[in-house]
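For reference, the structure discussed in these notes is given below.
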Amino acid sequence: FRSNYAIDYRRSLATLRLKNGEPAEALKLLQQALEQSEELGLDRDVTDIHGLLAEAYAAAGDFMNAYRHQKEYTDRMLAQSQRKAAAQLEAQKWRLQLEQARQETKREAERRQQLAESLSELDSLHEQLSARAVQLEWSSYRDALTELANRRYFDERLGDLTKRSRDSGEGLALLVLDLDEFKSVNDRFGHLKGDEVLRTTARLLQANTRQTDLVARLGGEEFAVLLPGKSDAVQLRTRAEQIRQAFDSHDWTNVAPGLRVTISIGAASSSEVGHNPLKLLALADERLYA
């Protein structure tokens, strides 16, 4: 037998001896089992054997030793219970700390999710506000009827481009355009048709200018085209004639039966007026009426 099996054997045999009324034989077996258990450090077996020794001594009439072993058994059981309770308490503490950590992690994940959603909402709101700001800014520079740049934007760009033309020598030209006898269009066909003529004018000007050119409505039936880059008198006349012919060949009867619209144009170059924006506009306007 291995040692612990031998202990179990002696303990079992001692129990039988007690039942058979042989306490002396039981005590001898239990003492041997106790010594062996103590040598091997088998605390649980030592405790159980003290309990059996208390029964054996009591059966033998030796109540003093019975009390001594019973007390040892009780003390050991109490100590084991205390250790077990302490271990259970420690395990429970770790379980609670683990659960607390899990809850903290869950709350942190939820907080991060809420923060991410809040940031996403803020980003969306910022995009909407930015888009709205751009829309409002463009609205302040846009002519509501024709969707062209308005007089305010034209004046700002005229100042900027004449300064750039002067500093860099890139050149700048201006066309000022006016619909001939536009008042008669409103008188004959009504203001709604007059508005449609102005919108069609805007489309024709955009179709017959470059993407780098700025087309603007100065007010009423007067329009302007800023042409960045060098243009001599011949080139300017060619550009103006191209636009005039576009109006002359357009089928205006789509707007109103019997309608015909013609246009007058004045052209000037920034270099002719020392790159002065006001003088450039005045010269082009003077040539328009000429």
Taking segment 168-184 only, how many residues are open to solvent by less than 10 Å² (accessible area, probe 1.4 Å) and under 20 Å from G258 (Cα atoms)? 1
Counted residues, segment 189-205 - those being without any contact (Cβ under 8 Å) to a residue 40 or more places away in the chain, surrounded by 12 or more Cβ atoms within 10 Å (Cβ to Cβ) and out of contact with any Phe, Trp or Tyr (no Cβ under 9 Å at 6 or more places or on another chain): 2
Residues that are surrounded by fewer than 17 Cβ atoms within 10 Å (Cβ to Cβ) and closer than 14 Å to G169 by Cβ, drawn from segment 263-282: G274
Among S139, S124, S130, the single one that is closer than 30 Å to L198 by Cβ and at pLDDT below 75 is S139
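Table: residues versus (1) in contact with a Pro (Cβ under 8 Å, 6 or more places away or on another chain); (2) polar (S, T, N, Q); (3) modelled with pLDDT of 85 or more.
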site	(1), (2), (3)
A54	no, no, yes
A60	yes, no, yes
M64	no, no, yes
R68	no, no, yes
D75	no, no, yes
Q80	no, yes, no
R83	no, no, no
A86	no, no, no
Q92	no, yes, no
Which condition breaks for K230 when tested against (1) touching a residue at least 40 places away in the same chain (Cβ under 8 Å); (2) open to solvent by less than 80 Å² (accessible area, probe 1.4 Å); (3) out of contact with any helix residue (DSSP H, G or I) (no Cβ under 7 Å at 6 or more places or on another chain)? (2)
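The values are calculated or read from the model by the stated rules, or taken from the named source; none is laboratory data. Every value quoted in this text rests on a predicted model; they were computed, and no experiment measured them. In this analysis, Cβ positions are derived from the backbone assuming ideal geometry, glycine residues included, and neighbour counts consider all displayed protein chains. In case anyone asks, the SASA skips ligands and DNA or RNA and just uses the protein heavy atoms, side chains included. Shrake-Rupley method; radii C 1.70, N 1.55, O 1.52, S 1.80 Å.
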